[in-house]
Amino acid sequence: MSTRQGEPQGSDGEAASVPQRAKMTLPRLAEMKREGERIVMVTAYDHPSAQVAEEAGVDIVLVGDSAAMVVLGYESTVPVTMDEMLVLTRAVRRATKTPLMIGDMPFGSYEGSNELAVSNAQRFVKEAGCDAVKLERGGQSVDRARAIIRAGIPVMGHVGLTPQTATSLGGFKTQGKSAEAAAKLAEETLALQAVGCFSIVFEAIPAAVTKALMPQIDVPVIGIGAGPDTDGQVLVFHDLLGIFNSHSPKFVKRYADVHGQMVAGVRSYTEDVRAGRFPAEEHSYTIDADELEAFKGYLSAESLAGRSPWDW
Ligand code: KIV
């Protein structure tokens with residue numbers, strides 16, 4: 001049984017101190033865009049990753065449906081369910097105090113009707129404490145976004161490469177590479193903005209297309225593989241830290257090799273246990289010498305063999 005509950009968290013017995021910041025709000029995000037302050041968004045899927053995002057001081061935490069692939073081991077984002085997303089989102093909420101927290105509506109949770117979209121967006125807010133939700137694509141999703149916003153829940157849009165419908169986009173490919181495709185992207189963005197999305201994600205779009213489009217957009221644009229001209233950037237937590245050991249897209253910059261470090265750590269533990277080096281004295285609990293002697297006396301005086309605990 002774990003004895004971690006109640007034990008000191010730091011080597012000096014104090015919980016690590018996190019600098020106090022003001023809670024992120026939608027007006028503050030709009031202000032950041034106006035002032036040209038870059039917005040930082042990262043995904044998180046559990047309590048430890050949310051603690052890291054909180055302590056690192058990011059502005060927005062997205063509980064992305066990328067969890068399907070980087071946490072749950074699915075082949076794509078398509079299979080993840082609302083119930084799975086809610087378990088992850090609640091864990092993130094418990095550690096997210098300052099950043100705006102957005103729940104990513106999974107495939108199948110909003111496309112069917114406005115009613116479905118609103119009721120699942122409400123679940124993210126009521127059952128997991130989200131500040132806002134995100135959904136993918138233009139077209140029909142614009143109606144869904146409008147319905148959710150009218151129900152009082154802020155919505156972030158997402159255009160360009162939309163992984164939930166990657167098959168119909170021809171795979172995980174850069175979007176907006178022809179004038180026609182870029183114009184469609186512009187129309188989707190403006191439609192999402194017109195119905196009241198407070199922000200829009202641009203994914204896998206040529207940097208020059210983003211740059212040309214930015215002056216038309218009044219809400220903060222958060223880019224992932226969309227060049228340097230968006231108002232902010234987002235990366236998947238597991239990609240940027242190198243936790244997810246598989247191919248990563250061109251737009252990912254790896255800031256650490258956590259996977260390598262985790263393998264090395266677990267390998268050392270394995271070797272130590274097998275060699276009898278762990279646990280050492282400093283990892284073991286003690287008992288008063290008198291108590292131990294009394295216990296040993298009891299053991300030698302009593303025959304415990306064949307007795308059930310209920311006979312004691
Ligand atoms: O699911 C996700 O992580 C996302 C981001 C990449 C924007 O949608």
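Rolling a 1.4 Å sphere over the protein heavy atoms, what is the accessible area per residue of the chain, to the nearest Å²?
56 Å²
How would segment 11-107 be classified by its alpha-carbon gyration tensor: rounded, prolate or oblate, with rounded meaning a/c under 1.5 and the a/b versus b/c comparison settling the rest?
On the way: a/c = 2.45, a/b = 1.27, b/c = 1.93.
It comes out oblate by the Cα gyration axes.
What does the charge count near residue 245 come to, summing +1 for each Lys or Arg and -1 for each Asp or Glu among other residues with Cβ under 13 Å from its Cβ? Intermediate results must be reported in sequence, preceding the final value.
Values: positive: 254; negative: 239, 257.
That works out to -1.
Please tell me which of these pairs span more than 28 angstrom C-alpha to C-alpha: 23/184; 33/250; 134/177; 23/211; 23/134? Let's see the in-between values first.
Working: 23/184 35 Å; 33/250 26 Å; 134/177 24 Å; 23/211 30 Å; 23/134 19 Å.
Going by Cα-Cα distance, 23/184; 23/211 fall outside the 28 Å limit.
How large is ³J(HN,Hα) for each residue in segment 281-286, as worked out from phi by the Karplus curve 6.51 cos²θ - 1.76 cosθ + 1.60 (θ = phi - 60°), to whole Hz, x for Gly and Pro?
Along segment 281-286, the couplings run 4, 5, 9, 10, 8, 10 Hz.
Please list, ordered by chain and number, the residues whose modelled amide H lies under 5 Å from the amide H of residue 134; skip anything fewer than 5 residues away on the same chain.
For residue 134, whose amide H was placed from the backbone, the distant partners under 5 Å are 103, 104, 105, 156.
Based solely on its DSSP helices, what 222 nm [θ] is calculated for the chain when runs of n ≥ 4 H residues each add -39,500 (n - 2.57) and the sum is averaged over all residues, nearest 500 deg cm²/dmol?
It lands at -11500 deg cm²/dmol.
For a quick check: with amide H placed at 1.01 Å from N, whose amide H comes under 5 Å from residue 226's, ignoring anything fewer than 5 positions away on the same chain?
Those lying under 5 Å, H to H, from residue 226 are 204, 205.
Show me 106-112, 218-224 ranked by packing, highest mean number of other Cβ atoms within 10 Å first.
The packing order, highest mean first, is 218-224, 106-112.
The values are calculated or read from the model by the stated rules, or taken from the named source; none is laboratory data. The structure presented is a predicted model; accordingly, all values stated were derived computationally and were not measured. A quick note on method: Cβ atoms are made from the backbone with ideal geometry, for glycine too, and the neighbour counts reach across all protein chains shown. Side chains included, ligands, DNA and RNA excluded: accessible areas come from the protein's heavy atoms. Shrake-Rupley method; radii C 1.70, N 1.55, O 1.52, S 1.80 Å.
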